[in-house]
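To start, the structure under review is shown below, and the notes come after it.
The values are calculated or read from the model by the stated rules, or taken from the named source; none is laboratory data. As the structure is a prediction and not an experimental result, all values here were calculated from the model. Positions of Cβ are backbone-derived with ideal geometry, glycine not excepted, and every protein chain shown enters the neighbour counts.
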Amino acid sequence: MTVDIDKTTGPDVTPPAGPEAIKAVPVRHPWRYVSAAVALFLLGSVVYAFAQGDINWAAIPEYFFDDRILEGVWKTLLLTVMSMLIGIIGGILLAVMRLSKNPVTSSIAWFYIWFFRGTPVLVQLFVWFNLGLVFEYINLGPIYKDYWSSFMTPLLTALLGLGLNEAAYMAEICRAGLLSVDEGQTEASHALGMSQAKTLRRIVIPQAMRVIVPPTGNEVINMLKTTSLVSAVQFYDLFKHSQDIGQNAGSTVEMYFLAATWYLIMTSLLSVGQYYIERYYARGSSRSLPPTPWQRFSAAVLPARRPKGVAA
């Protein structure tokens, strides 16, 4: 009996070579270069047009640290903080009222949000500023009594106009954050004997902050820019001081550029703070945190550290 031996197998037979490696050829995108060239051309045209314009660029550094400008910067920041405090406190209260099972309080909160979100901020500022044409006096009994024009100062007008308007937007942000928390946790806390107020303070609000904080940072930056509207009610913020300096010095456009530069500086600093706050509250929702700007810079520019004993 003979046995056929397969000569294609055995220790001395070399296995066939695997398939050749695929040579990946990157896809060319010529329109990217065209669009980049067009964008650079448009940017250069804008820069050239302003460079050739009749603009006194020396006036900007001359007044950049003027006492009136610095006072305007301080008042703008102060107005931003105070208006946001009114907006946040009012927003939390309105959000709780909006989610209440009481139809009266829920309807009041809904009407407030509907009205203040549906009317422009500038119109609201003018309404507060000109209420003296309707009410001659403000009478709070033995507590306070004065003319409305003396009571409604530009600062109070700005705070009411910006803060009450911001409360309507913060109410929706806070409501979205409260609704993002699972209802089972609220039911469990009630089963343990916790009151509604204690449940909100201990269980719901800490978890809702992850949803509330990022859009609140955007609202702070937006509020900083919206404060420029209060110049219409004679409040001397950064924009109002820049406007007056420009009219007196004959450098109107230059002072607008100066104000825009200061706004860019302040919003950039707030954006950095917003980034780190969002990164802090993202710790529980992602396995790895996004790199900070310094980490990105060091990874792109600085040489990577090599382990000890590894040759370069």
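If you go through region 67-115 and keep only what is under 18 Å from residue 200 (Cα atoms), touching a Ser or Thr at 6+ places or on another chain (Cβ under 7 Å) and of a type outside the set (A, V, I, L, M), you end up with 98, 100, 106. Looking across 140, 179, 155, 133, one residue alone is crowded, with 16+ Cβ neighbours inside 10 Å and either of a type in the set (A, V, I, L, M) or farther than 26 Å from residue 81 by Cβ (or both). It is 155. Assigned to a helix (DSSP H, G or I), closer than 30 Å to residue 256 by Cα, at pLDDT 90 or above and not hydroxyl-bearing (Ser, Thr, Tyr): is that true of residue 91 in this structure? In short, no. Within the set 298, 288, the sole residue that is modelled with pLDDT of 70 or more and more than 18 Å from the chain's Cα centre (by Cα) turns out to be 298.
Kindly indicate whether residue 109 is in contact with a Cys (Cβ under 7 Å, 6 or more places away or on another chain), in a helix (DSSP H, G or I) and at pLDDT 90 or above.
No; evaluated as a whole, the condition is false for this residue.
Take the conditions (1) at pLDDT below 90; (2) surrounded by 14 or more Cβ atoms within 10 Å (Cβ to Cβ); (3) not aromatic (Phe, Trp, Tyr); residue 202 misses just one of them, which is (2). Within region 23-71, the residues that satisfy the criterion of being in contact (Cβ under 8 Å) with a residue 12 or more places away in the chain, of a type outside the set (Ser, Thr, Tyr) and not in a loop (DSSP other than H, G, I, E, B) are 59, 60, 68, 69, 71.
Would you please name the residue that is surrounded by the fewest Cβ atoms within 10 Å (Cβ to Cβ), looking only at residues in region 49-104 that are among the small types (Gly, Ala, Ser) and within 27 Å of the chain's Cα centre (by Cα)?
Going through the qualifying residues, I end up with 90.
On the basis of being part of a loop (DSSP other than H, G, I, E, B), modelled with pLDDT under 95 and surrounded by fewer than 10 Cβ atoms within 10 Å (Cβ to Cβ), does residue 16 make the cut? The answer is yes for residue 16.
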